[in-house]
Amino acid sequence: MNIVILIIAITCIISYLALNDMRIFEKYKFNVGAILHRKEYIRLLSSGFLHADFIHLILNMYVLYMFSPAVMEDFGIIGFLIIYFASILLGNLFSLFIYKAQNWYSAIGASGGVAGIIFASVSLDPVLTKIGIIFLPPELSIPGYLFGFLYFGYSVYSMLKPRNGDNIGHAAHLGGAFFGLVYSVTVFPQLAMNNILYLGIMSLPLLYLSYEIFIKKRIG
């Protein structure tokens with residue numbers, strides 16, 4: 001867990017510095033125009049160390065801390081690092097693909113990496129893994145595959161029908177969660193086959209999003 005504490009500490013320090021110095025915030029946040037036209041590719045990773053406010057930061061780091069032990073136990077330190085940082089990168093690359101025509105689009109947060117950690121954990125046992133909501137009793141927790149279906153469904157719906165004032169980076173969340181899911185399936189294919197029905201149910205919204213992107217060309 002030492003590596004998790006180190007990542008949380010570094011993220012908190014950088015987020016604090018950026019919240020108190022907008023030059024840092026503007027220089028390292030995810031921004032389509034800066035990445036595509038000025039080739040500032042560092043933003044694809046550095047944005048994962050920035051947060052909009054302290055609530056955003058605390059929630060992300062709390063969830064990361066809670067799900068990290070299971071991922072560390074099953075994938076090891078190297079696997080954990082691959083999932084976390086690759087999920088941030090893939091989440092931002094997916095955002096870049098979706099919003100490539102909108103130079104103004106910006107985003108920040110470790111949510112893509114956190115989503116990757118969550119879904120790497122859930123995919124190992126989508127039935128017995130229970131997901132709860134902060135401040136609600138454990139009895140109201142739901143199976144991981146149902147949480148995944150609802151999470152993907154809400155994210156896909158929000159991407160297809162964006163609302164004013166919705167400042168959530170749904171594309172980054174989906175890209176990160178997708179990587180965590182695929183990485184887990186790749187590393188533990190037999191477990192994936194055993195849970196193929198539940199993983200399939202969980203992934204239905206992703207299949208629909210793929211249809212909307214690549215067949216109907218609605219977004220991207």
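The orientation-averaged projected area of the convex hull spanned by the Cα atoms of the range 93-170 comes to 6.4 nm². The C-alpha atoms of the range 12-56 occupy a region whose extents along the principal axes are 31, 16, 13 Å, arranged from largest to smallest. Take every Cα pair under 8 Å whose residues are at least 6 apart in sequence, average their separation, divide by the length of the range 1-140, and the relative contact order is 31 percent.
At each listed q (0.16 Å⁻¹), what is the log10 of I(q)/I(0) that the Debye formula gives for the range 32-109 modelled as equal alpha-carbon point scatterers? Computed log10 I(q)/I(0) values: -0.68. Just checking the listed ones, A52, A192, A177: in the Gaussian network model of the chain with Cα springs under 10 Å, the one fluctuating most is A52. No solvent, one uniform scatterer per C-alpha: report log10 I(q)/I(0) for the range 106-220 via the Debye equation at q = 0.14, 0.18, 0.19 1/Å, two decimals. Values, matching the q order: -0.60, -0.96, -1.05. Each Lys or Arg adds one and each Asp or Glu takes one away; over the other residues whose Cβ falls under 14 Å from the Cβ of M66, this sums to 0. Of interest is the spacing of the C-alpha centroids, which for the range 1-48 and the range 157-211 amounts to 24 Å.
To one decimal place, what Kirkwood hydrodynamic radius in Å is obtained for the range 155-220 from all pairs of distinct Cα atoms?
When all Cα pairs of the range 155-220 are included, the Kirkwood radius is 13.2 Å.
Shown here is the pair-distance distribution of the range 43-186: with all Cα-Cα distances grouped in 10 Å bins from zero up to the longest one, the shares run 12, 42, 36, 9, 0 percent.
My understanding is that a pair violates if its Cα-Cα distance is over 26 Å; which of K161/K216; K27/K100; K27/K216; K100/K216; K100/K161; K161/K217 do that in this structure? Checking Cα-Cα distances, K27/K216 exceed 26 Å. Segment E26..K130, full-extension length gain: 33.6 nm, with 0.36 nm per residue of separation and the alpha-carbon distance subtracted. Sequence-ordered 3J(HN,Hα) estimates for the range 199-216 from the Karplus curve with 6.51, -1.76 and 1.60 and θ = phi - 60° stand at 5, x, 4, 4, 8, 3, x, 5, 5, 5, 4, 4, 4, 5, 7, 8, 9, 7 Hz, glycine and proline given as x.
Against the empirical curve 2.2 N^0.38 Å, the C-alpha radius of gyration of the range 1-76 lands at a ratio of 1.24.
To make sure I understand the rule: partners must be aspartates and glutamates, Cα under 16 Å from the Cα of K29, and not fewer than 8 residues away in the same chain. Which ones qualify? Counting by Cα, and skipping residues close in sequence, K29 has these aspartates and glutamates nearby: D21, E40, D53.
Result for the chain in a Gaussian network model with C-alpha springs under 10 Å: among K29, K161, K39, the largest mean-square fluctuation is at K161. The share of accessible area on the chain that comes from carbon and sulfur is 69 percent, using a 1.4 angstrom probe. Per residue, the chain exposes an accessible area of 53 Å² to a 1.4 Å probe, with every protein chain left in place.
The values are calculated or read from the model by the stated rules, or taken from the named source; none is laboratory data. As the structure is a prediction and not an experimental result, all values here were calculated from the model. Glycine also receives a Cβ, built like all others from the backbone with ideal geometry; neighbour counts cover every protein chain displayed. When the accessible area is computed, the model is the full protein with side chains, heavy atoms only, and any ligands, DNA or RNA have been set aside. Shrake-Rupley method; radii C 1.70, N 1.55, O 1.52, S 1.80 Å.
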